[in-house]
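Novice: What follows is a structure written as structure tokens; I'll ask about it next.
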Amino acid sequence: MEKVKKARARMMIGHPFFATLMASTTWVETRDIPTAATDMRTIWYNPDFFDSMDVPEIMFVIAHEVMHIALEHGLRCKSRNPVIWNMACDFAINWTLDQCAQQSSSLHPMKMPPHGLLDARFADMTADAIYIELMKMADDDQAKGKTGDPRDGANASGMPQWDDKNDDLRQPENASNPAEQAKLRQSIQQRVAQAAQSARMAGKVPGALESLINQILEPAVPWVDVLRDYLLATVQDDESWNRRNRRFSDIYLPARFNQRMDRVIVIGDSSGSMFSDEDLGKMAAEINGVFEMTQPKELRLIWADTEVASDETFEAGECVLIKPKGGGGTDMRVPLKYVEQYDPDFVILITDGYTPWPDHVPYDLIVVTTTKAEPPAGLGRVVFV
């Protein structure tokens, strides 16, 4: 297609970062999908869809699809609602591309096609944070008797409507295999690094893109990902508390998680010193992943600061709805004592560590902390992130 050739040539000249990623990805023409889609290894595109756009729009779609790969969106869906996760990723990507277009001095600008998702409410937000906001909207709609489904235009909470043209995200084959995940992530990182080098040498890296590249190549280790991998390892392995995990040097794994547990408790420190609102949202979203991986008969979610602010129970198969409560001082002795009445199999406490600690607890405790303010030795197993 002549327009596709022009789009690729213009990207090589004006947008070398996206062009380099484009060149390192397998592209397959097909009419089995309405627009374009990727599984992190391959990008499929419908030639009729490309033919319906002008060259700047084709350039935008190409950049959009390779950004899904660079940001590992297909690998990060996990237990999330796939439609809402796809929406969140699209909003995050399109905002970045829109900012790049505004900041770029290229003679060949990109232009978002009409069906693209762009909303100022989600300006400069990550896909993870946008997902939280969209899930809140869905929750609000369901409380009002609506479906909460973005494919249903009858929702009234401000939930953006979904168009099947935006259905472009696929989970890669063997996505649940840790070894395959690691191999694919390494490949993506190498390609992003090469693309970044090409763009920097050409002097064509808009500020919005530079910031994103730095986040991809030098990411802060998100504690929610560490916790997810940590729990997944404990489900798969038959390890002892006394054996150090080979992947995370500061983590000890509990004895057995391969038997289904009766009760798991997650305590979220909702004190004012804990995290930003966005961090709390990320923490809350991952609790659903904890539920899915550990598969207890019951998960109890407790928010606390100097007192227990909320205590909710969710049964197997039920979606955990997250509404952080609290926001005052910090005394984790209160919720740690409070949960003794439930005789839990184990407890996950997520805190910044700036709290008084009890001398001991009568259950297995995993403390996830973002600082070096750790609990007394022997109180629990600590994940530093």
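Read-outs throughout are calculated quantities, based only on the coordinates presented, and are distinct from any laboratory measurement. In this text the structure is predicted, and so the values were computed from the model without any measurement. Please note: Cβ atoms are built from the backbone with ideal geometry, for glycine as well, and neighbour counts cover all protein chains shown.
Novice: What is the packing order of peptides 77-84, 111-118, taking the mean over residues of other C-beta atoms within 10 Å and listing the highest first?
Specialist: So the order, starting with the most tightly packed, is 77-84, 111-118.
Novice: Pop a pseudo-label 7 angstrom from the Cα along the beta-carbon direction at both residue 185 and residue 144 and give the gap in nm to one decimal.
Specialist: Taking the two extended label points, one gets 3.9 nm.
Novice: Highest first, please rank the peptides 191-197, 298-304 by the mean number of other Cβ atoms sitting within 10 Å of their residues. It would help to have the intermediate numbers written out before the result.
Specialist: Numbers: 191-197: 18.3, 298-304: 22.6.
So the peptides 191-197, 298-304, ranked by packing, come out 298-304, 191-197.
Novice: Something else about it: Which length gain, in nm to one decimal place, applies between residue 363 and residue 315 when the Cα-Cα distance is subtracted from 0.36 nm times their residue separation?
Specialist: Details: separation 48, 0.36 × 48 = 17.28 nm, distance 2.09 nm.
Roughly 15.2 nm would be gained on extension.
Novice: Another question, if that's okay. Sorted by average packing, counted as other Cβ atoms within 10 angstrom per residue and highest first, what order do 25-31, 201-207 take? Write down the numbers at each step before the final one.
Specialist: On the way: 25-31: 12.1, 201-207: 15.0.
Result, highest mean Cβ count within 10 Å first: 201-207, 25-31.
Novice: Cβ under 13 Å from residue 55's Cβ, residue 55 left aside: what net charge do those residues give with Lys, Arg +1 and Asp, Glu -1?
Specialist: Spelling it out: positives minus negatives among the neighbours equals +2.
Novice: Summing Lys, Arg as +1 and Asp, Glu as -1, what charge do residues with Cβ under 9 Å from the Cβ of residue 362 carry, residue 362 excluded? Write out the running numbers ahead of the final one.
Specialist: Numbers: positive: none; negative: 340, 343.
Computed value for this residue: -2.
Novice: Count of lysine pairs in segment 2-217 with Cα atoms under 26 Å apart, counting only pairs 8 or more residues apart in sequence or on different chains?
Specialist: 19
Novice: Quick one: length gained pulling residue 377 to residue 121 fully straight, 0.36 nm per residue minus the C-alpha distance?
Specialist: Details: separation 256, 0.36 × 256 = 92.16 nm, distance 4.47 nm.
Using 0.36 nm per residue and subtracting the Cα-Cα distance, I get 87.7 nm.
Novice: Shifting gears a bit: Figure the gain on full extension for residue 163 and residue 51 (residue separation times 0.36 nm, minus the Cα-Cα span) and round it to one decimal in nm. Spell out each step's value before the answer.
Specialist: Details: separation 112, 0.36 × 112 = 40.32 nm, distance 1.93 nm.
Full-extension gain reported as 38.4 nm.
Novice: So if R0 is 22 Å, what FRET efficiency would residue 32 and residue 3 give, r being the distance between their Cβ atoms, rounded to the nearest 0.05?
Specialist: So, using R0 = 22 Å, E works out to roughly 0.55.
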